[in-house]
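To start, the structure under review is shown below, and the notes come after it.
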Amino acid sequence: MYQSPARSLCSALSNLCCAPSSATSSTRLLRSPAPVKRALSPPALLASSSAAAPHCGCSAAVSSGAANSQAVYSMGNSTSRLYSTLAKTWSTGVVSKHQEYLEQTDPDLLDPIDPKDLLEECQIVLQKRPARLQRDFVNLRTSFARNHQPIRVMQWNILAQALGEGKDNFVQCPMEALRWEERKCLILEEILAYQPDIMCLQEVDHYFDTFQPLLSRLGYQCTFFPKPWSPCLDVECNNGPDGCALFFLKDRFTLINSTNIRLTAMKLKTNQVAIAQTLKCHETGKLFCIAVTHLKARNGWERFRSAQGSDLLENLKRITQEAEIPLIVCGDFNAEPTEEVYEEFSNSSLNLNSAYKLLSTDGLSEPSYTTWKIRPSGECKHTLDYIWYSQHALKANAALSLLTEEQIGPNRLPSFNYPSDHLSLVCDFTFNEDPDRLL
């Protein structure tokens, strides 16, 4: 049974791991095309739910780490009582031994959540912020027959909280806009607005205290693979390492196989990771593979990213049995379309196409940007995020439009009404009933 709508978001978060539930069925998200609107006024029950808790005492100055000579960056004052114990524990642990991060709470012990109730509570927390920016789905085919319910896939670098507050230096973004108590609700609101069947997220550093418990209760099966040494750990009062996370709705798919991949470059293990899962679609009985990754950032690392991409492709060839199993790859590649790693994916024997090229008039050009921010070094506007798919076996039927420059505003991202410096990408896919025709 659903929880009462009267239950507050903070109450839900603070009781995620409490008494076992007698319910065994998961909650199914119900899609609605209606735009999300902010609540006008909070009920008295929630009046104190978003009050800021005392922070962990991090100073505003940058200090040096006790364990090494690397700089440790301080976060703002948004670390609450709920997370302080984990933050203090995880920031002092040896991350290479991260088995504790890979252990998951049994979702059967958690009560299901009505997504409408959670969305309403997020809107109450966000009522003083500007309304969510409107985006529309664009049909990528003038006519097509749907032989089954589309599979909606979301790709999103959500911005690690520790990096957003402590290291990334978004000089035009007020620190108040990055407060976790509200920013997490902006992230959840984006997810609930588009209701994806599968989510591929990067820079997830609040997996165990927020995303895994809440999304499990919305009916998702959840997997997380942290970076071996996350830059979040250089930030005081961090919430543990960031990494890639993959979520899929259990009432639509069954997990057949899951592989965590630590990417290599020049035969050396790197700090970047990927998750690849083979799923079975309940409606069609078909298998497909979904993968999420986050490649090395920064200029000067182009050859390194190329090597990581080659390693990922080799792993995916093995997992998909040389493209016998259809494939969707989501990720922040940190690479413009001019880079070698992009060409590797475009020309791979896996026969992949980039879904967001289909938004262009010629079907050949990527969007002008998927991330847009201002740092001390200047304005950064790049196309780095992609959804690749097996074009012989899958059809991309619709894609979520990107925010316009006017919507983003002069201060760019993140902002009070958008929680990340990267835009979410969302596509609807169906299986091609005659895949051999396109080979």
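Each reported figure results from applying straightforward, stated rules to the coordinates on display, with no laboratory input. Here the structure is a predicted model, which means the values were calculated and not measured. As a convention, Cβ positions derive from the backbone with ideal geometry for all residues, glycine included, and neighbour counts pool all protein chains shown.
For the range 268-373, what is the Kirkwood estimate of the hydrodynamic radius, computed as the reciprocal of the mean inverse distance between distinct Cα atoms, to one decimal in Å?
14.9 Å is the Kirkwood radius here.
Using the eigenvalues of the Cα gyration tensor, what equivalent ellipsoid semi-axes result for the range 146-195 when each is taken as the square root of five times the eigenvalue, whole Å, largest first?
Details: eigenvalues 184, 27, 12 Å².
Semi-axes from the Cα gyration tensor: 30, 12, 8 Å.
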Quiz item: Where the centre of each part is set by its Cα atoms, how far does the range 227-264 sit from the range 107-134, in angstrom?
Solution: 23
Quiz item: Using the alpha-carbon centroid of each, what span in Å lies between the range 276-348 and the range 365-412?
Solution: 18
Quiz item: For Leu140, which sequence-distant residues (separation of 5 or more, or a different chain) have an amide H within less than 5 Å of its own amide H, given hydrogens modelled in the peptide plane?
Solution: Ala398, Ala399
Practice problem: Name the long-range amide H neighbours of Leu394: under 5 Å, sequence gap of 5 or more, or other chain; modelled H, no Pro or chain starts. | Solution: Asn432
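Using the per-residue mean of other Cβ atoms lying within 10 Å as a proxy for protection, in what order, highest first, do the peptides 127-137, 205-215, 278-288 fall? Could the numbers behind the result be given before it?
Numbers: 127-137: 14.4, 205-215: 23.1, 278-288: 16.7.
Those peptides, ordered most packed to least, come out 205-215, 278-288, 127-137.
Assign one of three labels to the range 337-439, namely rounded, prolate or oblate, based on the Cα gyration tensor with a ≥ b ≥ c the square roots of its eigenvalues; rounded applies when a/c is under 1.5, prolate when it is not and a/b is larger than b/c, and oblate otherwise. Present the calculation step by step, with values, prior to reporting the outcome.
Numbers: a/c = 2.99, a/b = 1.93, b/c = 1.55.
Judged from the Cα gyration tensor, the range 337-439 comes out prolate (a/c at least 1.5, a/b above b/c).
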Self-check item: Within straight-line cross-link reach of Lys357, aspartates and glutamates at Cα separation under 18 Å, skipping those fewer than 8 residues along the same chain
Solution: Asp136, Asp332, Glu336, Glu339, Glu340, Glu343, Glu344, Glu366, Asp385, Asp428
Quiz item: Within straight cross-link reach of Lys296, meaning Cα distance under 19 Å, which lysines are found once same-chain residues fewer than 8 apart are removed?
Solution: Lys167, Lys227, Lys267, Lys269, Lys373, Lys381
Self-check item: Kirkwood hydrodynamic radius over Cα pairs of the range 206-360, then Stokes diffusion coefficient at 37 °C and 0.692 mPa s, in µm²/s
Solution: 197
Quiz item: What nm distance separates the two modelled labels at Leu109 and Asp136, each placed 7 Å from Cα along Cα→Cβ?
Solution: 4.7
Quiz prompt | Under 24 Å from Lys286, Cα to Cα: lysines that are on another chain or at least 8 residues apart | solution = Lys250, Lys317, Lys395
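Write out the GluC sites (Glu not before Pro) in the range 310-387 meeting two conditions: DSSP loop, and at most 13 other Cβ atoms within 10 Å of their Cβ.
On the way: sites: Glu314, Glu322, Glu324, Glu339, Glu340, Glu343, Glu344, Glu379; in loops: Glu322, Glu324, Glu339.
When the GluC sites (Glu not before Pro) of the range 310-387 are filtered for loop state and at most 13 Cβ neighbours within 10 Å, Glu322, Glu324 remain.
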Exercise. Would you work out if the range 332-385 is rounded, prolate or oblate? Take a ≥ b ≥ c from the square roots of the eigenvalues of the alpha-carbon gyration tensor; rounded if a/c is under 1.5, else prolate when a/b is larger than b/c, oblate otherwise.
Key: oblate
Self-check item: Under Karplus coefficients 6.51, -1.76 and 1.60, residue-wise ³J(HN,Hα) of the range 239-252 in Hz, glycine/proline x
Solution: 10, x, x, 8, x, 8, 9, 10, 10, 9, 6, 6, 7, 10
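Estimate the FRET efficiency between His282 and Cys380 by the formula 1/(1 + (r/R0)^6), using the beta-carbon distance for r and 41 Å for R0, to the nearest 0.05. Mind showing how you got there, number by number?
Working: r = 42 Å, r/R0 = 1.02.
Step by step, r from the Cβ atoms, then E = 0.50.
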Self-check item: Segment Asn411-Thr254, extension gain: residue separation times 0.36 nm, minus the distance between their alpha carbons
Solution: 52.2 nm
Practice problem: Can you bin the range 222-282 into rounded, prolate or oblate? Criterion: square roots of the alpha carbon gyration tensor eigenvalues sorted a ≥ b ≥ c, rounded for a/c under 1.5, prolate for a/b above b/c, oblate for the rest. | Solution: oblate
